[in-house]
Amino acid sequence: MTLEDRPEGFQRVSQALALRGHPHAPLWLDVPARTSQEAADALGVGVGQIAKSVIFRRKAAEGAVLVVASGDRRVDEKRVAALTGPLGRADADFVKAATGFSIGGVSPLAHSGPVLTLIDRELFRFDLIWAAAGHPNGVFRLSPDELVRLTGAPVEDVVLAP
């Protein structure tokens, strides 16, 4: 199957990575990996190495906030809100409209609109991490430093203590 045969979100992430000179093209998994645990199992890595994408809805600006965090950590909404302003829950329709991706495949880059992105510091425990590539079956490998370079997002402490 060629890239053109893959879903649009996967194609968008593949093209964005190539344009930014990222050395690792996304992989298409045989099984969907909608959760950090499913992705870790499919890749044979620790769940902490999965860079999960958590979307919130900003109440004041009605925009999306994306937190990219380690799969074995829980995002602390209060810490995020202290940086972004009051937050609300983002339902599936909001996530799709704001990012262009469905829940379970939200990539840290190549969104269809503006998204305020934060990267949690806990990802830097790992040399190699994996992020969603625009579809539940799509992932790509990178380092935490590459994640910062690809997204331009700040690194913050936004998870609950382990």
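The values are calculated or read from the model by the stated rules, or taken from the named source; none is laboratory data. Remember, predicted model here, so these are calculated numbers, not experimental data. Heads up, the Cβs are rebuilt from the backbone with ideal geometry, glycines too, and the neighbour counts pull from every protein chain shown.
The single condition from (1) closer than 19 Å to Ser14 by Cβ; (2) modelled with pLDDT of 95 or more that Ala153 fails is (1). Scanning the stretch 40-55 for residues that are within 14 Å of the chain's Cα centre (by Cα) and not in a helix (DSSP H, G or I) yields Ile50, Ala51, Lys52, Ser53, Val54, Ile55. Of all the listed residues (Thr35, Thr2), the sole one being over 21 Å from Pro154 (Cβ atoms), within 14 Å of the chain's Cα centre (by Cα) and among the β-branched types (Val, Ile, Thr) is Thr35. Is it true that Thr117 is modelled with pLDDT of 95 or more and out of contact with any helix residue (DSSP H, G or I) (no Cβ under 8 Å at 6 or more places or on another chain)? It is false that Thr117 is modelled with pLDDT of 95 or more and out of contact with any helix residue (DSSP H, G or I) (no Cβ under 8 Å at 6 or more places or on another chain).
If you go through the stretch 18-39 one residue at a time, do you hit one that is in a helix (DSSP H, G or I), surrounded by fewer than 19 Cβ atoms within 10 Å (Cβ to Cβ), in contact with a Leu (Cβ under 6 Å, 6 or more places away or on another chain) and not charged (D, E, K, R)? No; the residues of the stretch 18-39 include none that is in a helix (DSSP H, G or I), surrounded by fewer than 19 Cβ atoms within 10 Å (Cβ to Cβ), in contact with a Leu (Cβ under 6 Å, 6 or more places away or on another chain) and not charged (D, E, K, R).
Restricting the stretch 1-17 to residues that are part of a loop (DSSP other than H, G, I, E, B) and either of a type in the set (Phe, Trp, Tyr) or over 23 Å from Gly113 (Cβ atoms) (or both), the residue that is modelled with the highest pLDDT is Thr2. Sub-8 Å Cβ pairs linking a first residue in the stretch 90-101 that is farther than 16 Å from Ala61 by Cα and in contact (Cβ under 8 Å) with a residue 40 or more places away in the chain to a second residue that is basic (Lys, Arg) and assigned to a helix (DSSP H, G or I), at least 6 apart or interchain, are Gly100/Arg12, ordered by first then second residue. Is it true that some residue in the stretch 51-59 is of a type in the set (Gly, Ala, Ser) and modelled with pLDDT of 95 or more? Yes: one or more hits.
Inspection of the stretch 27-35 identifies at least one residue that is polar (S, T, N, Q) and at pLDDT below 95.
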